[in-house]
Amino acid sequence: MAERSTAAVDVAAGGGDEPLTTQTDETTADDAQHNEQKAADTGTEKPDTAATQPQVRTPELHSGHKLARRYRLEECVTRLDGFSSWRAVDEKLRRAVGVHLLPADHPRARSVLSAARSSALLGDPRFVQVLDAVEENDLVYVVHEWLPDATELTSLLAAGPFEPHDAYQLVSQLSQAMAAAHREGLAHLRLTPSAVLRSSTGQYRIRGLAVNAALRGIKSDTPQRADTEAIGALLYASLTQRWPYEVDAYGLSGLPKGAGQISPDQVRAGVHRGLSDLAMRALVNDGATASRLEQPCTTPEELAKAVSELPRIKPPEPTFNAAPEYQRTTYQQGTYARPPQPGITQPVPVPPAPLQSRTGKALKWGVSALLIAALGLGSWQLADALMDRGGSGDPGTSQQSEENGDGKQSAPKPLSIKDAKELVVSGGAQAPGEVGKTYDADESSYWRTKSFIDGPEMKIKPGVGIVYDLGSEQEVSTASIKLRFGGDHTAVSLYAADSLSPGSVDGLKPIGTKAETQDKSLTVEAKEPVKTRYVVLWLTALPKAPQDGFSSAGYKQGITDVKFSG
C-alpha cells in the first residue's frame, strides 16, 4: 500500500511558518505512484529521480545568510534533490519573500531560471509573482511573493468538503487562470493542493507556475491535458474530501482499491450533480461514466467554458443569531411593549366616565387612601425581610449555592475532553495531527506551533489555537494549561464556540480574558461560568525559544496538557 502523503509545502508563498522536519517534498511514495499512473494515461514523462540524476550537493547555507546583500534567509522549508526553499526577508522593501536556491552547476539550473523569468513576464495577479531570478556566486536563486494571510488548499480540504458555491468558485478561478497561462505558453504540471492558496477575500492564487515543475524536472507532452486533469482532481477533492485515485495523497484518503474512477456524487451523498459531472469530465476518463455522454474537457479553456455553462450556483444564505427571547410581563403583552405596526389600525381604548358626583369624589379619595396604605405596608414588609436576612446569620440562597451541606465550598468539577481540532484562521496549520496530545494525560507529549520571526505578540497571524469538544454543554469556569516553553510571555484567551470549526474567534463569547505568563503553566479563570460545549484556547503571544527537533529558534510555544473545570 502506498504511504500516506504529508501534503507538504514545496514553495513558501503561504503558510510559510512550516518547519523543515514537517516540510517534506510532495514527491513521496504515493505521489510517485500517482505520477506513474498519470504518465500512463496522459503521456506525461516521469519526474527525474535520484536514480536518473547525478547527485548534487545542496549549498551549505544557514539562517541569516544574505543574497545580493538584500534577501536574508530565515528558515529552510524544503531541502530536496540538490535545491532548497527558504522563507526570507527582503530588507530593502521590508517584506517577507520566498526563495528557491540551487547550485549554478545543477542540471536543472538553466531550466529553472528560464521558467522563473517566463513566469515573471506573465504578470497575472491570479498567480504568486516571481520577483527576481538571478545567477550569482555559483548560485541560482528565484525570489517570489510570500502571502502570510492566505490559506493553503490542503488546510481547507482537511476541514471538510466544500459547499457547492465554494467548489464552483475554486474550479472557475483555477480554470480561467490556467487558461490564461496556457495562452502565453506556460504550464504548471504540478498543480497540487499545496500549490493553491485562498486569500481572506475568497480569491484563489496559484504558486509555482512553471517553476515547481522545473525544480523537479517534470515535463509533459500534453501539458494542457495534465493541468486540466489536476484541476479536475482538486474539484473532486473539494466535493468529496477524497483523492480521486487509488492512493492516499495530500492528507486525503484515496478511492477504494479496484473501484475505478467513480463520480463524486457516488462517493458522498448530496454532492451537486453539475459539479460532479464537471469533475469527471476534467479527469481523463473519456467522459465520466457509461451513462453520461458529456464530452471530456482536455484543456483549461474547455473546462472554463464548461464551468460558465453551468446554471448559477448561489452562495449559501447568511445565518444570523436569533435575538434572545425575553420573558414578557403583563405590560409587555399590552400596547406598551409593542409599537403599532404599519397598516394595522390599533383599537382606541374608551376612557371611563369621570366621577363628577359627590359620591364619586368620595369614592376617589377612598381608593387613593387605600392605595397609599397598601404601598406603605408593602415597603415596610420588604425592608423587614431584608433586614432579617442580613442579620439572622442563616445562609442565604446565594450562599447556599456556593457551599455544600458541611458548610465547605464545593470543589470545581473536572470536565472531560471528547475531541479537539486545530483552529486555522489564516495561513497554514501548525500541527493538526498532534492536538490529541494536549489532553492524553501524558505531559511529555505536546502540540506545538511553528517558529515565527516576530514576537512575542503574533503579527504574521492573528493567533493560533485549538477547539475542544466537551461532549455536551457544560459550565466552564477554569482552564489549567501546561506549556512546553517559558520565558518572555505567553498570552492565552478562552472563548465559547458553537462548533469544532468556528472559522475565527471574532464574535465568539469570551470565557476568560487574556492571561499572560513567563512560566510553563497558566490558569485562565472566568468571572462567571459560561455554558458551552466547545471551548477555543487561543494564543496571541509566544515566548522566544531555542532550536529544537521541529523548528529553528524563534517565537513559538507548545501545549503539553489542558484541563477544564466548571
Item to check | So Gly123, is it over 27 Å from the mean Cα position of the chain (by Cα), at pLDDT below 95 and closer than 26 Å to Met178 by Cβ | outcome: yes
Next on the checklist: Please go through region 106-124 and give me each residue that is free of Cβ contacts under 8 Å to residues at least 40 places away in the same chain and either of a type in the set (Asp, Glu) or assigned to a loop (DSSP other than H, G, I, E, B) (or both), ordered by number.
Outcome noted: Gly123
Checklist entry - If Val492 passes every condition in (1) of a type outside the set (D, E, K, R); (2) in contact with a strand residue (DSSP E or B) (Cβ under 8 Å, 6 or more places away or on another chain); (3) at pLDDT below 90; (4) within 24 Å of Tyr555 (Cα to Cα) but one, which one does it miss? => result (3)
Next on the checklist: Looking at region 443-455 only, could you name the residues that are closer than 13 Å to Gly558 by Cβ and either modelled with pLDDT under 85 or part of a loop (DSSP other than H, G, I, E, B) (or both)?
Outcome noted: Glu443, Ser444, Ser445, Tyr446, Thr449, Lys450, Ser451
Next on the checklist: Quick check on Gln224: is it touching a Gly at 6+ places or on another chain (Cβ under 7 Å), in a helix (DSSP H, G or I), surrounded by fewer than 24 Cβ atoms within 10 Å (Cβ to Cβ) and touching a residue at least 12 places away in the same chain (Cβ under 8 Å)?
Outcome noted: no
Checklist entry - What residue, of Val128, Val143, Val134, is of a type in the set (A, V, I, L, M, F, W, C) and surrounded by fewer than 21 Cβ atoms within 10 Å (Cβ to Cβ)? => result Val134
Checklist entry - Within region 202-242, how many residues are more than 18 Å from Thr154 (Cα to Cα) and of a type in the set (Val, Ile, Thr)? => result 4
Checklist entry - List, please: which pairs have Cβ atoms under 8 Å, are six or more places apart or on different chains, and start with a residue in region 160-180 that is under 12 Å from Phe127 (Cα atoms) and open to solvent by less than 10 Å² (accessible area, probe 1.4 Å) and end with one that is polar (S, T, N, Q) and modelled with pLDDT of 95 or more? => result Met178/Thr228
Checklist entry - Since Ile417 meets every condition but one in (1) at pLDDT below 90; (2) surrounded by fewer than 20 Cβ atoms within 10 Å (Cβ to Cβ); (3) part of a loop (DSSP other than H, G, I, E, B), which condition does it not meet? => result (1)
Checklist entry - Taking Glu457, is it surrounded by fewer than 15 Cβ atoms within 10 Å (Cβ to Cβ), within 23 Å of Trp146 (Cα to Cα) and out of contact with any Asp or Glu (no Cβ under 8 Å at 6 or more places or on another chain)? => result yes
Checklist entry - When residues of region 88-112 are filtered for being under 21 Å from Gly427 (Cα atoms) and surrounded by fewer than 23 Cβ atoms within 10 Å (Cβ to Cβ), how many remain? => result 5
Next on the checklist: Here's a check for you: in region 537-550, which residue that is within 21 Å of the chain's Cα centre (by Cα) and not aliphatic (A, V, I, L, M) is surrounded by the most Cβ atoms within 10 Å (Cβ to Cβ)?
Outcome noted: Trp538
Item to check | Sole exception among (1) modelled with pLDDT of 95 or more; (2) out of contact with any His (no Cβ under 8 Å at 6 or more places or on another chain); (3) under 12 Å from Val143 (Cβ atoms) for Ser111, by number | outcome: (3)
Checklist entry - Is at least one residue of region 268-290 modelled with pLDDT of 95 or more, in a loop (DSSP other than H, G, I, E, B) and over 25 Å from Leu156 (Cβ atoms)? => result no
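The values are calculated or read from the model by the stated rules, or taken from the named source; none is laboratory data. It should be emphasised that the depicted structure is a prediction, and the values quoted were computed from it without experimental measurement. Note that each Cβ is placed from the backbone with ideal geometry, even for glycine, and that neighbours are counted across all protein chains shown. With ligands, DNA and RNA removed, areas are computed over all heavy atoms of the protein, side chains included. Shrake-Rupley method; radii C 1.70, N 1.55, O 1.52, S 1.80 Å.
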